[in-house]
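Every read-out reported here was derived from the displayed coordinates using simple, explicitly stated rules and does not represent laboratory data. What you see is a predicted model; the values in this text were computed from it and never measured. Glycine also receives a Cβ, built like all others from the backbone with ideal geometry; neighbour counts cover every protein chain displayed.
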Amino acid sequence: MNRMKIVTAALLTCCLALGTVAMAGGTKKDAAMKGTASSDAMMEAMMKVASPGEYHNYLKPLAGTWKTTVKFWTAPDQMQISEGECESAWVMGGRYLKEECTGNFGGQPFNGMGLTGYDNMTKKYVSSWIDNMGTGIMMSEGSVDATHKLFTFHSTVNDPMTGKPGRVKLVGKVVDDNRHVFSYYGDQGGKEMLQMEITYLRK
């Protein structure tokens, strides 16, 4: 009788142990499946925000090779005119429009480079600009109007005379596939003033 009790107890212990192992194995399997699903969802979300889309397409009329005419105002009644060229091409799989420009400014050779794109995360256009007339990087954020032809950016730049930051507005207007105009508005005595206008004509 005692022997039967011992055997029965041993069998029950084995069954409990096997059940525990099976349950543990199921828990690990479920966790692994949940982890895979979570990784897939994360990857899908990342791909969605990393892919160029509708708002990148609105920049397409700006791509190409352009002859530029630059008007620069040092005062409302004082304007200088110069000419140059710009090459705008898509980089990073159509995510950013890279612009490289040459010309002259105040009788000096001018070289500039910009990047413009649309940030799917912030829902804003983003832009950076550098040139040989300074050592900083101008960063801008913007939007497009309902016609998808008028882009407005805002940025902050330091005044070389005072060293103090000032707000600027940059407006890009797509006239047609072969012409667009870029206008730069700065602060002049507390008032917004058109300081530079660049007309792009497709070559």
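I want to verify the translational diffusion coefficient of the stretch 39-144 in µm²/s; compute it with Stokes-Einstein, Rh as the Kirkwood radius over Cα pairs, at 20 °C and 1.002 mPa s. Walk me through the numbers before you get to the answer.
Numbers: Rh = 15.8 Å.
Here the translational diffusion coefficient equals 136 µm²/s.
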Notebook entry, point to check: In whole Hz, what ³J(HN,Hα) sequence does the stretch 134-141 give by Karplus (6.51, -1.76, 1.60; θ = phi - 60°), x for Gly and Pro?
Noted result: x, 10, x, 10, 7, 10, 9, 10
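Among the trypsin sites (Lys or Arg not before Pro) in the stretch 89-192, which ones are in a DSSP loop with at most 10 other Cβ atoms within 10 Å of the Cβ? Mind listing them? Numbers along the way, then the final one.
On the way: sites: 95, 98, 123, 124, 149, 167, 169, 173, 179, 191; in loops: 95, 123, 149.
Here the sparse-neighbourhood loop sites are 123.
I want the local charge near residue 195. Using Cβ-Cβ distances under 13 Å, sum +1 for each Lys or Arg and -1 for each Asp or Glu among the other residues. Numbers along the way, then the final one.
Numbers: positive: 71, 167, 169, 191; negative: 159, 187, 192, 197.
Its environment carries a net charge of 0.
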Next item on the list: Largest first and to the nearest Å, give the Cα extent of the stretch 85-203 along each principal axis.
Entry: 40, 32, 26
